[in-house]
Every structure is written in C-alpha cells, then in structure tokens.
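Undergrad: The structure that follows is given in the form of structure tokens.
The values are calculated or read from the model by the stated rules, or taken from the named source; none is laboratory data. Values in this document were obtained by computation on a predicted structure and should not be read as measured data. Note that each Cβ is placed from the backbone with ideal geometry, even for glycine, and that neighbours are counted across all protein chains shown.
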Amino acid sequence: MTEATFDVMIVGSCMTDLVSQAPRLPKAGETIHGHKFFIGFGGKGANQCIQAARLGAKAAMVCKVGKDFFGDNYIQNFKDNGVHTEFVKQTSDAATGAASIIVNDAGENAIVIVAGANMLLDSQDLQDARPALIRANVLVCQLEISPQSSLQALRMARENNVKTIFNPAPAIPDLDPNFYKFSDVFCCNESEAELLTGSSVASIEDACRVGQDLLRRGCGSVIVTLGPQGCVVLKAQESTSHHIPTSVVKVVDTTGAGDCFIGALAFYMAHYPSMPLEEMARRANQVAAVSVQAVGTQTSYPFKKDLQDELF
Ligand code: RIB
C-alpha cells in the first residue's frame, strides 16, 4: 500500500472509445457512410485523470476494467501518462467499458456507453483506496460508475476535508440530494443542467438561473460549461454569477472537452488552492479550447509543455 499523497484522485470510469467520423449524425434507422474510424482511450473519469496528470498533478485513478485486452491496454495507458494504478482493479465478471462515438463535421458528437466493468467498482474497492483517498487534495467523481459508489467516495472525501468536484455526467433524473451537499464544486454542461433542473439552457442568462437553482440544493459552488461560450461560475457565499468567456478557436472535435476542463480544474484546485474559482475556470477554459482543436478525447489533451506559461 502506497504512503503517497495525491494531488488529484479520480473515482470513475474507463472506456474504450470506438470513434467514427461522419459528415453528420445518422437519424434513427438510417445507415450513412463515415470517413474515418479509430479506437482511443476514453471514459469521463479516466479522461479527467489523464488531463490533470498531463498538467503536472500527481494523480491516482480508482476504477475497474475487465481482465481483457482492453483492460490491460488501459492500465498501460495510465502508466504511460504517469497515473498511479494501485487502485485500478481488473475483473473477469464483465468486459472493459466501451463507448460508441460518432463525430460529425461540425465536431459535435453522439455517444452510447456500455459501462461493463465500471459498474462493478464497489464499496470494498473504495475501502481499499481509502487511506490514499482521505489524504488527497482533490477528489473527482462522475456518473459512469454506480451512483452509490460515487456518493460513497464523495462522502468519504467530505468527511476528511478533501475538496470535491462532482460532474453529474451522464445526468440522471432524481439525483440523490446528497450529491449536491457533498460537492465543493458541482460542474455540469448545459444539457445536464437542463435534465437536473427541468429548465432549458439556451443562453448565458439561462445558465446563471439554473446555476442558482443547483446552488440552492447545497453545493459549495456551481460551474455550468457552455462550449464556445465558456462557462458560468456561481458561489454559495456570493449572490452574483460570473460569466467566464473562452477563446474563439477552430473546432475539430468536442468529444471529451468537458472532461478536459474538469481535469484542468482539479489540477488548479490542487496546485493553487487560494486562486479564485473564476480564474481557475478561465484557465481550464483555455486548456479545453486547445483540446477541441484536435481529433479524439485523450489524444487531443495538451501537456504542460504545450501550454502558455501564464496558465501556470
Ligand atoms: O466525455 C467523453 C467521454 O464520454 C468519452 O471518452 C466516452 O468514453 C464517454 O465516456
């Protein structure tokens, strides 16, 4: 058992991304020709972990993959990116998670995940990671593993003064109210915010309004990401909402941009704990803006050496 203290620990998912690029997303019942296919490393949890590590965070992943070729490959991918793998378990009871992704020529995507082994990450796995988890600076969770496991990890962190980021993705209706209470930062995109609040998000003002609604549910702060419009940041101790714009860039593929933002945010929270959240969000926007200019999820994520010094 490691005695190490991690900047960022992620309790979450790993997926093998099966990506088809096509002129547009097909309609129901339709077959269309795509122009490129590739296989990559994905899963929201792992994506966030890899981005935090590439910026310089000492990162550890708590997850479950299958005892199969894809699971073995994924563990090697973590090692290649300097991610600690002691808490990456393998199971023979399910296959490594997989995501079928279609990306259109505008860089938009549609994704179906089959979570597989991710859903078998259980209470015992979290107990095994507990000594490290309760000493980490920042914990990040999402919803591609069982919600009970995410909630247990968030509770463990909160009870031990570890800062928490919760990303309710993919969003589920009737989210357990404790998810809000255990989130220092509750970070979602506009469609997740819509599903959680029942209100549409078509503008920055809408995002501020739904952000206030989410904040009232007990989060320390809320970030609603808005793609090319950046994000809005709301804090429990302030009545004002802050819109944080992002740079205009040529978008190639937005897949995993939200995960890139969250991984970067986790890095900033761990490394610059007294930095205002708005500034962390501004910098995370810049990192995510780099990622949308290249194809794929983790393949598009920048390393510290690729970014301007002003981001560090
Ligand atoms: O957020 C992007 C990710 O969602 C992809 O990597 C895919 O694996 C799904 O989990």
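Undergrad: For the stretch 1-46, what are the residues that are within 16 Å of the ligand (Cβ to nearest atom), touching a residue at least 40 places away in the same chain (Cβ under 8 Å), among the hydrophobic types (A, V, I, L, M, F, W, C) and part of a strand (DSSP E or B)?
TA: ILE10, VAL11, MET15, LEU18, VAL19, PHE38, PHE41
Undergrad: Next question, about the same structure. Are there any pairs with C-beta distances below 8 angstrom linking a residue in the stretch 229-251 that is without any contact (Cβ under 8 Å) to a residue 12 or more places away in the chain to a residue that is surrounded by 14 or more Cβ atoms within 10 Å (Cβ to Cβ) and basic (Lys, Arg), with the two at least 6 apart or on different chains, and if so which?
TA: Matching pairs, first to second residue: none at all.
Undergrad: Limited to the stretch 245-266, what total is found for residues that are more than 11 Å from the ligand (Cβ to nearest atom), more than 17 Å from VAL138 (Cβ to Cβ) and either assigned to a helix (DSSP H, G or I) or not aliphatic (A, V, I, L, M) (or both)?
TA: Qualifying residue count, the stretch 245-266: 4.
Undergrad: Please enumerate the residues belonging to the stretch 252-293 that are at pLDDT below 95 and more than 16 Å from the chain's Cα centre (by Cα). Before the answer, list the steps.
TA: Of all residues in the stretch 252-293, those at pLDDT below 95 come to 252-255.
Result: VAL252, ASP253.
Undergrad: Ok, one more. Hey, among VAL112, VAL138, which residue is aliphatic (A, V, I, L, M) and buried (at least 16 other Cβ atoms within 10 Å of the Cβ)? Break it down stepwise before answering.
TA: Values: VAL112 fails: buried (at least 16 other Cβ atoms within 10 Å of the Cβ).
That would be VAL138, the only listed residue that is aliphatic (A, V, I, L, M) and buried (at least 16 other Cβ atoms within 10 Å of the Cβ).
Undergrad: Name the residues in the stretch 88-135 that are within 15 Å of the ligand (Cβ to nearest atom) and under 30 Å from VAL162 (Cβ atoms), would you?
TA: THR96, GLY97, ALA99, ILE111, ILE113, ALA115, GLY116, ALA117, ASN118, MET119, LEU121
Undergrad: Residues that are under 21 Å from GLY263 (Cα atoms), outside any loop (DSSP other than H, G, I, E, B) and of a type in the set (Phe, Trp, Tyr): does the stretch 54-69 have at least one?
TA: If we filter the stretch 54-69 for residues that are under 21 Å from GLY263 (Cα atoms), which is where we start, we get 54-65.
Within this subset, residues satisfying the condition of being outside any loop (DSSP other than H, G, I, E, B) are 54-55, 59-65.
Now drop any that are not of a type in the set (Phe, Trp, Tyr), which leaves none.
No, the stretch 54-69 contains no residue that is under 21 Å from GLY263 (Cα atoms), outside any loop (DSSP other than H, G, I, E, B) and of a type in the set (Phe, Trp, Tyr).
Undergrad: Which condition breaks for CYS187 when tested against (1) away from the ligand (no atom under 16 Å from the Cβ); (2) touching a Ser or Thr at 6+ places or on another chain (Cβ under 8 Å); (3) part of a strand (DSSP E or B)?
TA: Among (1) away from the ligand (no atom under 16 Å from the Cβ); (2) touching a Ser or Thr at 6+ places or on another chain (Cβ under 8 Å); (3) part of a strand (DSSP E or B), CYS187 violates only (1).
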